[in-house]
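Here the structure comes first, spelled out in structure tokens, and everything after it is commentary.
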Amino acid sequence: MQRLALPFLCTALLACTCFAQTTPFEPASSPRSVSLCDLTQNPKSYNSQWITVQAGVSMEFEDFSLYDPACKDHRTGVWLTFGGDQDEVATYCCVRRTRNKSVDIEVEGHRIPLSHNESLREFLRMLQTERLRRPDGHQCAGDECYFYRPLSATIIGMFFAGEDSKSPGYGHLGCCY
């Protein structure tokens with residue numbers, strides 16, 4: 001399993017919000033360390049807070065989320081989106097894939113920056129590298145087309161439960177925190 005430590009911002013269902021700026025961004029307080037299971041079972045306890053979570057990262061058509069097989073409750077997931085001006089990497093309904101350059105994304109009144117650094121570049125490379133065939137020579141389909149799977153990451157970001165939002169949640173069709 002590949003592991004990657006990444007200063008990464010989680011937003012609405014951890015609408016994974018990373019940061020976008022040239023100077024380092026420091027949250028007002030140290031991010032709270034939390035397990036993905038606790039995050040999904042007690043989302044209100046972490047709403048609008050900077051957190052650190054280690055989990056698997058899933059990215060396919062209409063999916064960019066965190067997962068942990070140990071979590072019993074998978075009814076609502078944690079959606080990832082980058083902060084700053086980073087374009088979306090996942091294809092899903094009803095979202096503009098490109099962002100205004102040099103403008104940090106805002107979620108529920110919070111400006112979410114992104115650090116464009118080597119960790120981000122490596123994460124994007126590992127997340128998006130695809131292959132045409134499986135190691136056995138057969139054509140691949142879905143998640144098996146991505147070269148670096150499973151992928152695990154340490155995410156630092158702002159978490160949004162979505163319950164105070166005008167929408168039911170974040171991500172594809174409001175699926176997630």
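Table for the structure above
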| item | result |
| --- | --- |
| Rg over Rh, two decimals, the range 37-91 (C-alpha only, Kirkwood Rh) | 0.96 |
| Inverse mean reciprocal Cα-Cα distance (Kirkwood Rh) of the range 49-151, Å | 15.6 |
| Distant-in-sequence amide H partners of Thr154 (H built 1.01 Å from N, under 5 Å) | Leu4, Ala5, Leu6 |
| Cut-off under 5 Å, modelled amide H: who pairs with Val107 long-range | Ile112 |
| Spin-label model distance (nm) - Ser102 vs Glu118, 7 Å beyond Cα toward Cβ | 2.8 |
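Each reported figure results from applying straightforward, stated rules to the coordinates on display, with no laboratory input. Just so it is clear, the structure is predicted and the values come from calculations on it, not from any experiment. Reconstructed Cβ throughout: ideal geometry from the backbone, glycine too, with neighbour counts over all protein chains shown.
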